[in-house]
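Novice: Below you'll find the structure I mean.
The values are calculated or read from the model by the stated rules, or taken from the named source; none is laboratory data. Predicted model, so just to flag it, every value in this text is computed and none were measured. Here Cβ is always computed from backbone atoms with ideal geometry, including for glycine, and neighbour counts include all displayed protein chains. When the accessible area is computed, the model is the full protein with side chains, heavy atoms only, and any ligands, DNA or RNA have been set aside. Shrake-Rupley method; radii C 1.70, N 1.55, O 1.52, S 1.80 Å.
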Amino acid sequence: MTSTALTLRSGRADTKPHGGVSWWLSDVWEMTLRNIRHTLRSPELVSFSLLQPVMFILLFTYVFGGAINIGGGRYAQFLLPGIFVQMALYGSAAGTTIGIATEMREGLMDRFRSMPMSRSAVLVGRTVSEIFRNAVTVAVTVLIGLLVGFRFLNGFLPALGGMLLLLLFGYAVSWFGAFIGLSVPNAEAAQAAGAVWIFPFTLISSAFVPTGTMPGWLQAYAAHSPMTAAVNALRALFSGGPAGSYVLQTVAWSIGLIVVFAPLSVRKYAASSR
Amino acid sequence: MPAAIEVAGLCKSFGSVMALDHLELTVPEGTVHGLLGPNGAGKTTTVRLLSTLISPDDGTAEVFGIDVRSDPRRVRSIIGLTGQYAAVDQLLTGRENLHMIGRLFRLSKSDSRARASELLERFDLGQAADRQTKTYSGGMRRRLDLAASLMARPRLIFLDEPTTGLDPRSRMAVWQMVRELVAEGTTVLLTTQYLEEADQLADSLSVIDQGRVIAGGTPDELKAQVGQDWVGITLIDGAALEETTRLLRERLGTEPVADPETLVVHAPLADGGTLPDLLHLLKGSGVAIANVAVRRPTLDDVFLAVTGRSAEHRTDQRNSGKDTNGKDTERS
Ligand SMILES: Nc1ncnc2c1ncn2[C@@H]1O[C@H](COP(=O)(O)OP(=O)(O)O)[C@@H](O)[C@H]1O
Ligand SMILES: [Mg+2]
């Protein structure tokens with residue numbers, strides 16, 4: 001009986017590859033699961049993060065939409081890709097920044113740091129779980145978009161590609177958010193730091209209005225903003241038109257953000273409280 | 001075989017504050033060592049250094065012969081940490097918390113589940129196991145925290161003020177758990193502000209103050225420096241003062257101090273007598289007693305004995321820079 005149990009146990013241990021990547025993946029999975037549970041168990045946070053895009057959709061469609069000249073076509077069709085990107089940014093950047101800044105002050109991080117687990121897994125798990133949260137909020141926003149007249153006019157695969165691109169961009173931005181969250185002293189500062197850049201960053205772009213009416217210097221910035229690239233990519237993928245260059249730009253920005261801010265964040269996390 | 005903890009010349013500063021100032025510490029495997037000191041003495045800093053959360057400015061710290069600075073990962077795999085503040089995930093249930101920790105310690109899924117159930121039962125959390133820990137009381141959270149640090153059966157466990165802020169019942173429960181751990185061969189480094197706790201649990205003690213060890217030894221050795229418990233017996237009739245003093249002297253073999261003003265007779269409770277014995281003796285001799293009080297030596301008494309100044313007033317005295325010499329005069 002006992003020996004059977006022991007054989008089984010050691011058998012299982014042997015089939016499990018040791019060290020390296022598999023341990024890291026296991027750690028990341030545990031951390032992702034933890035954060036997904038947080039999301040599922042605080043539905044008020046998810047609904048709160050939906051409040052803003054829903055308000056924007058209604059305001060822009062029914063209040064400002066009529067006054068904004070987008071040169072033909074339905075405004076909802078123009079607007080929704082901008083809302084998607086803005087929402088992914090809000091969720092990823094503000095959510096991650098505040099979440100991490102809050103957790104860094106709690107004893108649990110000390111426990112994790114005193115354990116033989118991977119340092120990066122704590123942050124990777126957090127950012128990966130943001131993909132899940134983003135997917136949920138984007139799905140709800142799509143439904144509301146459909147109600148106000150938005151349609152995927154370009155077929156299934158481009159639509160799917162657009163959604164994946166959106167999640168990738170959101171994931172990349174959450175690393176930026178993680179870095180800010182690790183750099184600020186507390187959650188209140190994180191709240192402020194999160195809000196300060198997001199509004200101008202998302203509004204000075206092609207998300208809500210065509211950039212053509214902005215003053216020249218602002219146009220130059222807006223045209224090259226990663227926000228504009230992502231919004232234009234989604235517009236093309238959802239409504240038709242040349243998407244290639246915008247998609248490439250968005251992917252490049254995303255990879256750039258990850259390559260820069262993931263290692264910086266992990267180093268900051270490992271060094272914190274030293 | 002290397003000691004569980006071997007610390008030499010350990011220094012750590014935070015800005016201008018020298019939290020540890022050449023700290024020395026040796027803890028043999030299988031024992032409980034108490035770090036006793038007032039707030040700000042450097043207890044938490046010592047625990048954080050040994051559990052690889054911060055690195056020392058100078059000196060060496062080894063855990064089972066492994067240097068915490070050069071091989072922190074190996075150290076982490078054999079220690080358990082219960083910090084000063086409960087470190088559990090409030091949105092997860094008790095069981096999920098333990099299972100997660102088990103998996104992060106590389107237990108297999110089934111081992112981790114079994115161990116979590118075992119610890120939840122043992123720590124009297126079976127009923128609450130599947131509730132989110134934000135609904136737990138402070139004592140339950142502490143116990144879960146302790147359970148979490150035991151998931152991987154560490155050889156060495158750090159307990160940083162494990163009973164501060166707990167009600168007496170939870171405190172007893174934690175003490176009981178520490179005793180069980182030691183019976184299983186685990187080494188424990190325990191910090192506390194309470195002499196009584198150290199006395200109850202520790203095999204040996206280091207009294208620290210301003211980042212230095214100022215006294216050490218077994219609880220008995222330390223108490224011998226401090227003095228024993230004192231009993232104060234308040235009489236109803238001053239005429240019995242002499243008789244009481246004589247009876248106590250004969251029974252205890254120490255010299256009582258009688259105060260004719262307050263009608264109190266103080267005596268150190270030496271090995272000769274327990275309180276009920278004394279009361280029985282006095283009653284049998286017809287001495288009428290108004291009140292009885294026992295005073296146990298406190299951390300403050302230890303400080304007074306070792307440094308000649310009070311633990312509670314240490315900051316004041318540090319600031320004024322005065323060297324008090326009240327060792328004899330201040331004790332009553
Ligand atoms: N992270 C920190 N930054 C600044 N000062 C600190 C920090 N940690 C501890 N200290 C200081 O170091 C000293 C020792 O602190 P600590 O080890 O927490 O004491 P204890 O746990 O014995 O109460 C105190 O004066 C405390 O203020
Ligand atoms: Mg402390």
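Novice: Output the number of the condition that B:THR44 fails; it satisfies all remaining conditions of (1) within 25 Å of B:GLY185 (Cα to Cα); (2) more than 10 Å from ligand 1 (Cβ to nearest atom); (3) in contact with a strand residue (DSSP E or B) (Cβ under 7 Å, 6 or more places away or on another chain).
Specialist: The failed condition is (2).
Novice: Further question on the same structure: Is it the case, given these coordinates, that A:LEU157 is at negative phi, under 15 Å from the mean Cα position of the chain (by Cα) and open to solvent by 50 Å² or more (accessible area, probe 1.4 Å)?
Specialist: Details: at negative phi: yes; under 15 Å from the mean Cα position of the chain (by Cα): no; open to solvent by 50 Å² or more (accessible area, probe 1.4 Å): yes.
No.
Novice: Taking B:ALA240, is it under 16 Å from B:LEU36 (Cα atoms), open to solvent by less than 60 Å² (accessible area, probe 1.4 Å) and in contact (Cβ under 8 Å) with a residue 24 or more places away in the chain?
Specialist: Numbers: under 16 Å from B:LEU36 (Cα atoms): no; open to solvent by less than 60 Å² (accessible area, probe 1.4 Å): yes; in contact (Cβ under 8 Å) with a residue 24 or more places away in the chain: yes.
Taking the combined requirement at face value, the residue does not satisfy it.
Novice: Can you name the residue in the stretch B:96-134 that is within 12 Å of chain A (Cβ to nearest Cβ) and among the polar types (S, T, N, Q) and, of all such residues, is surrounded by the fewest Cβ atoms within 10 Å (Cβ to Cβ)?
Specialist: Only one residue tops the list, namely B:SER110.
Novice: Continuing with this model, one more query. Show me the helices (runs of 4 or more DSSP H) entirely contained within the stretch B:116-218 in which 2 or more residues are within 16 Å of ligand 2 (Cβ to nearest atom) and on the phi < 0 side of the Ramachandran plot. I'd like the intermediate steps shown before the answer.
Specialist: Working: elements: B:138-150, B:168-183, B:195-201.
Filter on the stretch B:116-218 gives B:138-150, B:195-201.
Novice: Given (1) within 14 Å of chain A (Cβ to nearest Cβ); (2) open to solvent by 10 Å² or more (accessible area, probe 1.4 Å); (3) on the phi > 0 side of the Ramachandran plot, where does B:ASP71 come up short, assuming only one miss?
Specialist: Among (1) within 14 Å of chain A (Cβ to nearest Cβ); (2) open to solvent by 10 Å² or more (accessible area, probe 1.4 Å); (3) on the phi > 0 side of the Ramachandran plot, the lone unmet condition for B:ASP71 is (3).
Novice: With respect to A:LEU167, is the statement that it is farther than 28 Å from A:SER26 by Cα and out of contact with any strand residue (DSSP E or B) (no Cβ under 6 Å at 6 or more places or on another chain) true?
Specialist: no
Novice: Which residue, of B:GLY80, B:GLY34, is open to solvent by less than 10 Å² (accessible area, probe 1.4 Å), more than 8 Å from chain A (Cβ to nearest Cβ), touching a residue at least 60 places away in the same chain (Cβ under 8 Å) and within 16 Å of ligand 1 (Cβ to nearest atom)?
Specialist: B:GLY34
Novice: Could you list, in sequence order, all residues of the stretch B:211-237 that are more than 30 Å from B:GLY40 (Cβ to Cβ) and within 34 Å of the chain's Cα centre (by Cα)? Walk me through it before giving the result.
Specialist: In the first step, residues of the stretch B:211-237 are kept if they are more than 30 Å from B:GLY40 (Cβ to Cβ); the result is B:231-237.
Selection gives B:VAL231, B:GLY232, B:ILE233, B:THR234.
Novice: With (1) buried (at least 17 other Cβ atoms within 10 Å of the Cβ); (2) modelled with pLDDT under 90; (3) under 25 Å from B:VAL7 (Cβ atoms) as the list, and B:ARG171 as the residue in question, which single condition is left unmet?
Specialist: (3)
Novice: Among the residues of the stretch B:20-31, which ones are more than 19 Å from B:VAL178 (Cα to Cα) and either open to solvent by less than 10 Å² (accessible area, probe 1.4 Å) or near ligand 1 (Cβ under 6 Å from one of its atoms) (or both)?
Specialist: Across the stretch B:20-31, the qualifying residues are B:LEU20, B:LEU23, B:LEU25.
Novice: Answer with yes or no whether A:LEU182 is at pLDDT 85 or above, open to solvent by 10 Å² or more (accessible area, probe 1.4 Å) and touching a Lys or Arg at 6+ places or on another chain (Cβ under 6 Å). Steps first, please.
Specialist: Values: at pLDDT 85 or above: yes; open to solvent by 10 Å² or more (accessible area, probe 1.4 Å): yes; touching a Lys or Arg at 6+ places or on another chain (Cβ under 6 Å): yes.
Answer is yes for this residue.
Novice: Something else now. For B:VAL32, work out the one condition from (1) among the aliphatic types (A, V, I, L, M); (2) within 16 Å of B:ASP67 (Cβ to Cβ); (3) touching a helix residue (DSSP H, G or I) at 6+ places or on another chain (Cβ under 6 Å) it doesn't fulfil.
Specialist: (2)
Novice: Same structure, new question: Take A:ILE255 and decide whether it is surrounded by fewer than 13 Cβ atoms within 10 Å (Cβ to Cβ) and within 20 Å of the chain's Cα centre (by Cα).
Specialist: yes
Novice: Right, here's the next one. Quick one: in the stretch A:211-227, which of the residues that are of a type outside the set (A, V, I, L, M) and in contact with a helix residue (DSSP H, G or I) (Cβ under 6 Å, 6 or more places away or on another chain) is most open to solvent (accessible area, probe 1.4 Å)?
Specialist: For the stretch A:211-227, the residue satisfying everything is A:GLN219.
Novice: Shifting gears a bit: Just checking, how many residues over the stretch B:35-72 are within 13 Å of ligand 2 (Cβ to nearest atom) and either among the charged types (D, E, K, R) or not in a loop (DSSP other than H, G, I, E, B) (or both)?
Specialist: 9
Novice: B:THR93 passes all but one of (1) modelled with pLDDT under 90; (2) within 14 Å of chain A (Cβ to nearest Cβ); which number fails?
Specialist: Single failed check for B:THR93: (1).
Novice: Sticking with this structure for a sec: Can you report the number of residues in the stretch B:135-149 which are surrounded by 16 or more Cβ atoms within 10 Å (Cβ to Cβ) and within 13 Å of chain A (Cβ to nearest Cβ)?
Specialist: Going through the stretch B:135-149 one residue at a time, the tally reaches 8.
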